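Novice: The structure follows.
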């Protein structure tokens, strides 16, 4: 291997390591952006003043907020925020639904929108 080839391999390894660390950091930090404390802080500036989502079962059971990117846990079909569900499933492969304790085997984008 030439010297330029070796430098390319080292550079690519460095870039892949940096991107992997960035993904891990995002998986850790993104749920914090969706946490109820941050949302409560920003609520006075929000267009949506309703708090009925926790009462009708559409709130994420982890952060207790209305999911901005709704996903459902499979097979039980309970709604979560994408980042909340993704980080829990990544952290614990044996993650169980917070509402029914059913093992979550997959996640899927929620296609329905709540009616107003």
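Values quoted throughout were computed directly from the atomic coordinates according to the rules given, and no laboratory measurement underlies them. The structure presented is a predicted model; accordingly, all values stated were derived computationally and were not measured. Counting neighbours? That spans all protein chains shown, and the Cβs are built from the backbone with ideal geometry, glycine included.
Novice: How do the peptides 95-102, 77-84, 61-68 rank, highest first, by the average count of neighbouring beta carbon atoms within 10 Å per residue?
Specialist: 77-84, 61-68, 95-102
Novice: State the extension gain, in nm to one decimal, for the chain segment bounded by residue 109 and residue 92, taking 0.36 nm per residue of separation less the distance between their alpha-carbons.
Specialist: Details: separation 17, 0.36 × 17 = 6.12 nm, distance 1.99 nm.
Value of the extension gain: 4.1 nm.
Novice: Another question, then. Extension gain residue 21-residue 74, at 0.36 nm per residue separation less the Cα-Cα distance, in nm?
Specialist: On the way: separation 53, 0.36 × 53 = 19.08 nm, distance 2.83 nm.
Going from the current span to full extension adds 16.3 nm.
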